[in-house]
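Novice: Shown below is the structure under consideration.
What follows draws every value from the coordinates through simple rules; no lab data is involved. Keep in mind that what you see is a predicted model, and the values were worked out from it rather than measured. Heads up, the Cβs are rebuilt from the backbone with ideal geometry, glycines too, and the neighbour counts pull from every protein chain shown.
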Amino acid sequence: MEIKINIGAISEPLQSEKLKTGDWGTEWAVVDKEKCTACRVCEQFCPDGCIEVKKFGDEEYAVVDYNYCKGCGVCASVCRFEAIKMELKELFKIEVC
Amino acid sequence: MLIEVRFHGRGGQGVVTAADFLAIVGFKEGYYTLSFPTFGAEKRGSPVASFLRISDEPIVVRDEVYYPDYVVVLDPSVFEVVNVTSGLKENGMLIANYPKGSEDLKTIVKNVEVATINATKIAMKILGRPITNTTMVGAFAGATKLFKLEKLKETAEEVFEGSLAEKNKLAIEEAYKYMKEVCRWK
Amino acid sequence: MKKVVRGFYSVAYAVKLCRPNVVCAYPITPQTEIVENLAEMYANGELENCRYITAESEFAAASILVGASAAGARTFTATCSQGLILMSEVLFNAAGMRLPIVVANPNRALSAPLSIWNDLQDSMVLRDAGIIQVYVESNQEAHDMIPQAYKIAEDKRVMLPFMVCLDGFKLTHAHEPVDLLEQSLVDEFLPPYRPEVYLTTKKPVAFGCYAPPNIYMEFRVAMQRAMERAQGVIEKVFREWAEFSRRDWGGHLEIVYPESRNFVIAMGSLVGLLRKVVGELRKEGLSIGLVKLRTFRPFPFEDLRRVLGNAEKIIVIDRSVSLGYEGNLSIELKSALYGLSPEIISMILCLGGRDISKENLEKILRNAVLGKEGSGFKGYIEFEEVVP
């Protein structure tokens, strides 16, 4: 097997984008569109920059990028309008055992 | 006798603590033990592994466990990213936190004996957090019958403090009893 | 009392038993928990007559200890990798000022590329500093080494800094049973530090003064002589410890199967795996023994000549490399065995935390003994270096 390495351990931008971290958490953030005021506080606090307020016609609300959300819950705890809830992922809900 | 165990999970779930915990329990049961972690990125959530050796003679080797007798998985989502059963011995066993059950798991990992438990549910119910290490410690002991429940509880009292010790003892006991029932035919 | 503890704790607890007066460090993985444990003991009032000082860098930490040690304090710090080389300017000074500072160095690779994992490159940088370097195999040996380190470093014939090198992660993060020493035993073994000269207002002195060409060289000769005397002192203290604690770790070397025709030599925690591997190879009928090198500075060249002089083949396991030449231990060993005839095969492996399995190690050693494997890097993937 032969691999390629960059001289000087040089890294190019956006390498971390390739590493989808959305499967890391046990919970994920779910936004209630009705309660969201698009105040953008969650945007400021998300340590991974994966919640963003977007416009959909007349509506404007926060959208979570589940490819990268690690389920830390920071957005839910800073939201003053209780518009973000942390919910257990389906994987952990199913019960057969 | 040398028993080698590999633990898989994600940073923050207590993968390292699980191995360390069992190293203490093993020592209490009169064995020589050695546990140590590997780290990828030092981040909560990233896949991590840790290792445990249990032996009746002093342990001098410190290489990673390539051919485990048991594999313990603390998080059901790591199956997609890590080949957890790599090198698992033919008569070995996979003990997993896997809510969908052993039949479903057998479709993913083939030719391996599996025992499953919904450790996340137990941890959420008793500890209020999805940290599954002590639950899986109980499951491991119940499935392998290597250690006595009293020794696990005794260790929990040393490792944790106050109400956390009580809660973890409950989680260990529930998982231990459940797994002992599941694996009674083994 | 035997207890399952992490490597950090076995070192920190031993330091506590040695009754240090000043502990000062700056955090760096995989060292941090050693001083974290000491800081906790300090905060709980368990360290009598001791100050724990937090520093803004490793350079500062070492500088503070130079001052403290010169004032007559028993001192301790722990660091590794980038931290150790940042400290290096001060540590060369500490050696020149003949200050018996004890440094625990959980070995870690050097940048770049950034690696927090284990190899022996960092302490090799300090090879020429005039610092005693001892490598340990297990956490029990690390625990036992701390009191011996103080006794050797503070011996009036020596008076040099002492580095206890233990493998980062492999030892520091390992949980294993360690027989923790009793305070009374350490107190009996290690007398309080009473230097003959120290900084005091009653008799003002300055350490590490300026030395023009007409006198500089004499100081370096004096340090070399101190290192030479240290050889004997180390042996004596090791023996004394074996009687004291009933745990005999050997002298500068530990030799397993001395009657062998071929030998493998290594330092640190990898020796444990080599014990098993050598045992297996002997079952196959190969004549192979194992030499564990404990003292790296002063280098025990006479012992090595005696033990390895008549060997046919010596396989050197190096976990560091002098880029542009070869593995560091091989360089040392070749010079020590100059004029003698063993073939020396230099194997560089496990850099930056790369693990080696028992099976692979067995394979390369078997091949080396049979003449099918030569010197060089082992266990890497062939690559092409490209410009992005």
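Novice: Tell me, B:ARG62, C:ARG108, B:ARG129 in order of fewest to most beta-carbon neighbours within 10 Å?
Specialist: Exposure proxy ranking, most exposed first: B:ARG129, B:ARG62, C:ARG108.
Novice: What GluC sites (Glu not before Pro) in region B:88-168 are in a loop by DSSP, with at most 11 other Cβ atoms within 10 Å of the Cβ?
Specialist: Loop-located and lightly packed - B:GLU90, B:GLU161.
Novice: For region C:67-133 and region B:58-114, what is the separation of their Cα centres, given in Å?
Specialist: For region C:67-133 versus region B:58-114, the Cα centre distance is 41 Å.
Novice: While we're on this one: What is the mean number of Cβ atoms from other protein chains located within 10 Å of the Cβ atom of each residue in peptide B:62-68, rounded to a whole number?
Specialist: 6
Novice: Then there is this: Identify the trypsin sites (Lys or Arg not before Pro) of chain A meeting these criteria: DSSP loop state and at most 15 other C-beta atoms within 10 Å of the C-beta.
Specialist: Qualifying residues, ordered by number: A:LYS20, A:LYS33, A:LYS35, A:ARG40, A:ARG80.
Novice: In the protein assembly as shown, if the dipole is taken from +1 on Lys/Arg beta carbons and -1 on Asp/Glu beta carbons about the Cα centre, which of A:TYR66, C:LEU270, C:CYS350 is farthest to the positive end?
Specialist: About the Cα centre, the residue reaching furthest to the positive side is C:LEU270.
Novice: May I ask you to give the average projected area over all directions of the convex hull of the Cα atoms of the protein assembly as shown, in nm² rounded to one decimal?
Specialist: 35.8 nm²
Novice: Take the alpha carbon atoms of region C:129-209, find their radius of gyration, then divide it by 2.2 N^0.38 Å using N residues; give the quotient.
Specialist: 1.38
Novice: Within chain C, what's the longest stretch lacking GluC sites (Glu not before Pro) that sit in DSSP loops with no more than 15 other Cβ atoms inside 10 Å?
Specialist: C:57-181
Novice: Across peptide C:110-116, what mean number of C-beta atoms from other chains lies inside 10 Å of a residue's C-beta?
Specialist: Mean partner-chain Cβ count within 10 Å for C:110-116: 2.
Novice: Do any of A:LYS35/A:LYS55; A:LYS93/B:LYS167; A:LYS18/A:LYS70 go past 19 Å between their Cα atoms, and which?
Specialist: A:LYS93/B:LYS167
Novice: Add -39500 (n - 2.57) for each DSSP H run of 4 or more in the protein assembly as shown, then divide by its residues: what number comes out at 222 nm, to the nearest 500 deg cm²/dmol?
Specialist: -11000 deg cm²/dmol
Novice: Further question on the same structure: Per residue, how big is the convex hull around the C-alpha atoms of region B:1-111? Give it to me in cubic angstrom, could you?
Specialist: Dividing the Cα hull volume of region B:1-111 by its residue count gives 103 Å³.
Novice: Once each part is reduced to its C-alpha centroid, what is the distance from region A:54-97 to region C:193-267 in angstrom?
Specialist: Region A:54-97 and region C:193-267 have Cα centres separated by 62 Å.
Novice: Here's a follow-up. Viscosity 1.306 mPa s, temperature 10 °C: Stokes-Einstein D of region C:253-377 from its Kirkwood Cα radius, in µm² per second?
Specialist: 111 µm²/s
Novice: If you average the alpha carbon positions of region A:31-48 and of region B:158-184, how far apart do those two centres end up, in angstrom?
Specialist: Each part reduced to its Cα centre gives a spacing of 39 Å.
Novice: What are the residues whose amide H is under 5 Å from the amide H of C:GLY376, where those residues sit 5 or more places off or on another chain and H is modelled from the backbone?
Specialist: C:SER346, C:MET347, C:ILE348
Novice: Report the chymotrypsin sites (Phe, Trp or Tyr not before Pro) located in region C:338-388 that are in a DSSP loop and have at most 10 other Cβ atoms inside 10 Å of their Cβ, or state none.
Specialist: Within region C:338-388, the qualifying chymotrypsin sites (Phe, Trp or Tyr not before Pro) (loop, at most 10 other Cβ atoms within 10 Å) are C:TYR338.
Novice: In 5 Å bins starting at zero, report the fraction of Cα pairs in chain B per bin as a rounded %.
Specialist: The distribution over chain B is 1, 9, 18, 23, 23, 16, 8, 2, 0, given as percents.
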